[in-house]
Amino acid sequence: MSVSEMKNVVIDEKITKFRNLVNSNSNFVFNTYRDKNGKNHWNLICSCMDWLTVSIRYLMNAPDLDKNIDVRVMQMFSLISSIDLVSESITQLHRVFINPSTIPFAGEKKCFGNRTFVNEDDNSYFKTIRASFGAHPVNLNQSNSKRFASWPFDSHMKSGELTVHLYSNEVGEEDLVMNLNSNELIAFLNIRYNYLDVISDKIKSIYTDFQDNLSKQRIQTSTEPIEQLHILRAESEKRLDNDYYNSEINDLIMIFEAEIPQPELVPLADKYKRSLEPLIEEIRTNLQAMNIIDLENSPSLSNRSELSRKLSYEIGKFYTWIHGDEYDPLIHYYLERFNNETNFKFNFNINDSCNLLFLKLMLMLHA
């Protein structure tokens, strides 16, 4: 087999693009297939992608074949095994995304000529090649008899690299001859590896159908911002469960549920909350259309003011604390810094609720 020819045929760009597709659209595939009819197909998908990557990269970097026939035979077996991993992974992905009851390329006889076993399709005949040239050559079951592969030797055929005789355990039964042809193996590999394009198109189609279906389901509207936000939180979890949108909605809920006890800050808080209403509507519009894109009306946590730059460390730590589950022993220090830099205008207090502290931070940065 020409290893250089094999290297020129396969590249890992295709499996890389496939992996990116699977991980795109807010992890749609993960959310859909981690529990599909009571089965975790996500784990199977990951296994297939991983072994496709391993196999393709091995084929891309396979060592040149050794002059020693024994070493070369085992190198060939590694190449055949890698092709087998590609084939098996493609079959499993087909069953997950396209049809669980069928096997791709069943019945096809396109890749192998001069078959030793003419009744086998390409899938079966490749398995026979794999068995005969290294998988279990001393324990073959063919032609209704037990057979055993001979020591592989250089083929005398122009189109072949290696040949084995398949001995029978029946007295007087003739040996069968099986040749290994690199071009046929490459054709087998190409057809299966390129089937990733078919599976990719199917994933895109499934996602498009998912988008279309949910975009036709109207999201309930409310004139009360806090009620609308709770509706949107439930809808966001149903519509891709996007971390970015979930975070924005949860932040807005914290802001709108907070009540300012300081009368002098109430007008400021009310004005800030009103300024966020376009963001709420933008989230609703995007979720309705299943268009999960960056939110134009989202207020940045920090801005370019001198205050935000001066307190950038404390603001980042505060934000991590307010959204986390762990206690930060320096939280008193962060609040003290906020109060000192604003002359206690917002009166940050450790006894304030998390919602109130978060609202005060937003007012300090944006109001």
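The values are calculated or read from the model by the stated rules, or taken from the named source; none is laboratory data. Please read these numbers as outputs of a predicted model, since none were measured by experiment. We place every Cβ from the backbone using ideal geometry, glycine too, and count neighbours over all the protein chains shown. Please note that ligands, DNA and RNA were not included when accessible areas were found on the heavy atoms of the full protein model with its side chains. Shrake-Rupley method; radii C 1.70, N 1.55, O 1.52, S 1.80 Å.
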Find the residue count for the stretch 306-322, including only residues that are open to solvent by less than 50 Å² (accessible area, probe 1.4 Å) and part of a helix (DSSP H, G or I).
8
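Restricting the stretch 212-231 to residues that are outside any helix (DSSP H, G or I) and free of Cβ contacts under 8 Å to residues at least 60 places away in the same chain, which is farthest from Asp251 (Cα to Cα)? Lay out the reasoning, then the answer.
Taking the stretch 212-231 as the starting set, the residues that turn out to be outside any helix (DSSP H, G or I) are 216-224.
Now drop any that are not free of Cβ contacts under 8 Å to residues at least 60 places away in the same chain, which leaves 216-217, 220, 222-224.
Working: Lys216: 27, Gln217: 25, Gln220: 20, Ser222: 19, Thr223: 19, Glu224: 16 Å.
Among those that are outside any helix (DSSP H, G or I) and free of Cβ contacts under 8 Å to residues at least 60 places away in the same chain, it is Lys216.
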Specify which of the listed residues (Asp294, Asp325) is at pLDDT below 95, within 27 Å of Gln228 (Cβ to Cβ), open to solvent by 70 Å² or more (accessible area, probe 1.4 Å) and in a loop (DSSP other than H, G, I, E, B).
Asp294
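Report yes if Ser101 is closer than 26 Å to Ser155 by Cα, of a type in the set (Gly, Ala, Ser) and out of contact with any strand residue (DSSP E or B) (no Cβ under 7 Å at 6 or more places or on another chain), otherwise no.
No.
Name the residue, out of Leu140, Leu93, that is modelled with pLDDT under 90 and aliphatic (A, V, I, L, M). Outline the logic, then answer.
Numbers: Leu93 fails: modelled with pLDDT under 90.
Within the list Leu140, Leu93, the selection yields Leu140.
Which residues, counting only those in the stretch 346-363, are open to solvent by 20 Å² or more (accessible area, probe 1.4 Å) and either touching a residue at least 60 places away in the same chain (Cβ under 8 Å) or assigned to a helix (DSSP H, G or I) (or both)?
Residues of the stretch 346-363 open to solvent by 20 Å² or more (accessible area, probe 1.4 Å): 347, 349-355.
Residues satisfying the conditions are Asn347, Ser353, Cys354, Asn355.
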Taking the condition over 30 Å from Ser124 (Cβ atoms), assigned to a helix (DSSP H, G or I) and charged (D, E, K, R), does Glu184 pass?
no
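Determine, yes or no, whether Asn194 is part of a helix (DSSP H, G or I), within 32 Å of the chain's Cα centre (by Cα) and farther than 26 Å from Gly107 by Cα. Full working, then the answer.
Working: part of a helix (DSSP H, G or I): yes; within 32 Å of the chain's Cα centre (by Cα): yes; farther than 26 Å from Gly107 by Cα: no.
Against the criterion (part of a helix (DSSP H, G or I), within 32 Å of the chain's Cα centre (by Cα) and farther than 26 Å from Gly107 by Cα), Asn194 does not qualify.
Asp64 - would you say it is exposed (fewer than 13 other Cβ atoms within 10 Å of the Cβ) and more than 15 Å from the chain's Cα centre (by Cα)?
Working: exposed (fewer than 13 other Cβ atoms within 10 Å of the Cβ): yes; more than 15 Å from the chain's Cα centre (by Cα): yes.
Criteria met by Asp64.
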Restricting to the stretch 322-367, name every residue that is within 16 Å of Phe256 (Cα to Cα) and of a type in the set (Phe, Trp, Tyr).
Phe358
